[in-house]
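A short worksheet on the structure shown next.
The values are calculated or read from the model by the stated rules, or taken from the named source; none is laboratory data. Keep in mind the model is a prediction, meaning the values are calculated, not measured. FYI the Cβ positions are ideal-geometry reconstructions off the backbone, even for glycines, and counts take in every protein chain you see. Accessible surface areas use protein heavy atoms only, side chains included; no ligands, DNA or RNA. Shrake-Rupley method; radii C 1.70, N 1.55, O 1.52, S 1.80 Å.
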Amino acid sequence: MTETLNGAACDVVTVHNFSEKISEQVVHFHVMKLSGGFFLWVGSTPVLSNLAVSMSSKFDSMPLSTLVMGDPSDTAASSLAQRLAKRTKKQVFVSYSIPMTDSSLGLLVENRIKKELELHPEHF
């Protein structure tokens, strides 16, 4: 969405929040729609422990992805950002702050994000 401010066009950042109980754990999702992309924070507590970014490249069919901040041995944020960038064709920033205690939790969280993308594509 674009608005004008003092006669100049500027993009508006919109925010969308949703939560879901997944594997006995409440998971919160925070989406900020940006111009040409979005930021997605996923977590159970208000912590920004990592940040990854991914975007399409004309040189490769898989989007480029890198970890901007956090533990490089934890690939959850950059992997999710890459899959979302491929799916949405947008630049995607992801912060994934959920401890991986259950191997199926990551898949369930990603499925919930996909469901929200299908139900509310205007927020991404």
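Results, tabulated for the structure shown:
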{"quantity": "Residue in segment 85-119 that is modelled with the lowest pLDDT, counting only those that are crowded, with 19+ Cβ neighbours inside 10 Å, within 18 Å of Phe18 (Cβ to Cβ) and of a type in the set (A, V, I, L, M)", "calculated": "Ile98"}
{"quantity": "Breaking point among (1) at pLDDT below 95; (2) closer than 24 Å to Asp11 by Cα, for Pro46", "calculated": "(2)"}
{"quantity": "Check on Lys21, closer than 22 Å to His123 by Cα and surrounded by fewer than 17 Cβ atoms within 10 Å (Cβ to Cβ)", "calculated": "yes"}
{"quantity": "Complete set of residues in segment 82-106 that are closer than 23 Å to Val68 by Cα and part of a helix (DSSP H, G or I)", "calculated": "Gln82, Arg83, Leu84, Ala85, Lys86, Arg87, Thr88, Gly106"}
{"quantity": "Which listed residue, of Ser73, Ser65, is in contact with a helix residue (DSSP H, G or I) (Cβ under 7 Å, 6 or more places away or on another chain), open to solvent by 30 Å² or more (accessible area, probe 1.4 Å) and among the small types (Gly, Ala, Ser)", "calculated": "Ser65"}
{"quantity": "All positions within segment 37-51 that are buried (at least 18 other Cβ atoms within 10 Å of the Cβ) and hydrophobic (A, V, I, L, M, F, W, C)", "calculated": "Phe38, Phe39, Leu40, Trp41, Val42, Leu51"}
{"quantity": "Selection from segment 52-62 of residues that are part of a strand (DSSP E or B), open to solvent by 40 Å² or more (accessible area, probe 1.4 Å) and not polar (S, T, N, Q)", "calculated": "Met55, Asp60, Met62"}
{"quantity": "Yes/no for Leu67 being in contact (Cβ under 8 Å) with a residue 12 or more places away in the chain and either assigned to a strand (DSSP E or B) or farther than 25 Å from Glu122 by Cβ (or both)", "calculated": "yes"}
